[in-house]
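Notes follow the structure.
The numbers here are math on the coordinates, done by the rules we state, and not lab data. Being a predicted model, the structure only gives us computed values, none of them experimental. FYI the Cβ positions are ideal-geometry reconstructions off the backbone, even for glycines, and counts take in every protein chain you see.
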Amino acid sequence: MTRKAIEVKELNFSYPDGRKALVDINLDVYEGEALGVIGPNGAGKSTFLLHLNGILRGNSKIKILGIEMENKSLPQIRSRAGLLFQDSENQLFMPTVFEDVAFGPLNMDLSKDEVEVVVKEALKEVDMLDYIYHHPHHLSFGEKRRIALATVLAMKPKILLLDEPTSNVDPKHRRDLINFLKELDNLTKVIATHDLELVFEVCSRVALLDQGRLITSGNPLEILKDKTLLAAHSLEVPRWLSS
Ligand SMILES: Nc1ncnc2c1ncn2[C@@H]1O[C@H](COP(=O)(O)OP(=O)(O)O)[C@@H](O)[C@H]1O
Ligand SMILES: [Mg+2]
């Protein structure tokens with residue numbers, strides 16, 4: 001029987017200024033599932049993802065691979081659920097690409113040689129090995145995004161939480177990323193995105209958020225073809241799907 005990778009019960013969250021960003025979210029994600037999270041700007045997609053590895057804490061019971069989210073389980077949860085931030089600037093803070101990607105693995109029990117292998121593998125996966133000794137802040141948005149993804153992959157997480165992984169990424173590397181995500185079919189993925197082609201190709205289920213609420217979740221093709229539903233939430237059926 002497939003196990004639940006992520007369990008979210010009655011998640012409510014308001015930012016300190018009082019803005020209600022998530023309202024009564026109930027959602028389970030099973031191991032190996034790829035869940036696309038779609039919705040207009042401000043729907044709460046990023047806020048939701050930030051709860052899944054405990055960066056934000058609403059008043060909810062969240063379980064990750066059966067582990068309850070609480071202060072003492074955060075390190076365990078973060079080693080299993082890796083988050084790609086919407087803004088890569090929040091993910092890169094070391095003087096070189098190597099050090100940024102090595103940061104997580106160095107905190108696991110790996111030797112220096114093992115860390116180097118893991119870092120190079122992760123950089124190869126995002127086609128950025130040539131940039132290993134570059135300064136992350138001198139890279140383009142799309143390059144930073146790919147390095148940020150390498151920092152996540154280098155931790156070898158069981159759950160990938162990706163916030164707009166293809167935004168600002170050029171068409172070739174977007175295509176490479178989509179194909180790469182399709183191949184990672186043993187991992188559980190939650191992907192917040194406006195890239196509906198990515199959702200269609202990679203995701204086994206879609207959740208539609210708007211104004212902090214889970215509007216519906218279900219089969220990607222059914223939801224992506226539902227003109228009335230999408231229009232009601234500031235989205236549109238992709239041209240390649242409308243007949
Ligand atoms: N740090 C913050 N402080 C106050 N409000 C915020 C903050 N971050 C996001 N919000 C608000 O919370 C809501 C959800 O934002 P967000 O999760 O970023 O949506 P999405 O990722 O779907 O675009 C929005 O109304 C946004 O303005
Ligand atoms: Mg967002």
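Just rank 100, 109, fewest to most, by other beta-carbon atoms within 10 angstrom.
Least to most surrounded, the residues fall as 109, 100.
Given a cut-off of 32 Å, name the pairs among 20/120; 63/144; 9/227 whose C-alpha atoms lie farther apart than that in the structure shown.
Beyond 32 Å between Cα atoms: 20/120.
Net charge near residue 76: determine it from the other residues with C-beta under 15 Å of the C-beta of residue 76, scoring Lys and Arg +1 and Asp and Glu -1.
The answer is +3.
Quick check for me: using +1 on Lys/Arg Cβ and -1 on Asp/Glu Cβ, what's the dipole size of the stretch 141-210 about its Cα centre, in debye to the nearest 20?
280
Relative contact order of the stretch 64-182, please, whole-number percent, based on alpha carbon pairs below 8 angstrom and at least 6 residues apart.
So the answer I get is 36 percent.
Going by C-beta contacts inside 10 Å, put 30, 131 in order with the fewest on the left.
Exposure proxy ranking, most exposed first: 30, 131.
Nearest 5 percent is fine: what portion of the DSSP beta bridges confined to the chain is antiparallel?
In the chain, approximately 50 percent of DSSP beta bridges are antiparallel ones.
Tell me the chymotrypsin sites (Phe, Trp or Tyr not before Pro) within the stretch 39-111 that lie in a loop according to DSSP and have at most 14 other beta-carbon atoms within 10 Å.
Hits after loop and neighbour filter: 93.
So if R0 is 22 Å, what FRET efficiency would residue 117 and residue 185 give, r being the distance between their Cβ atoms, rounded to the nearest 0.05?
So the FRET efficiency works out to roughly 0.40.
Hey, if you put +1 on the Cβ of every Lys and Arg and -1 on every Asp and Glu Cβ in the stretch 1-116, which of 62, 38, 5 ends up farthest toward the positive end of that dipole?
62
Could you give the nm distance between label points at residue 74 and residue 24, where each point is 7 Å from its Cα heading toward the beta carbon?
Reported label-point gap for residue 74 and residue 24 is 3.0 nm.
From the helices alone, meaning DSSP H stretches of at least four residues, give me the mean residue ellipticity at 222 nm for the chain, per-run term -39500 (n - 2.57), in deg cm²/dmol to the nearest 500.
Calculated at 222 nm, the ellipticity per residue is -9500 deg cm²/dmol.
Would you please state which residues of the stretch 136-162 a label at residue 31 would reach in this model, taking the label point 7 Å out along Cα→Cβ and a backbone N cut-off of under 16 Å?
157-160
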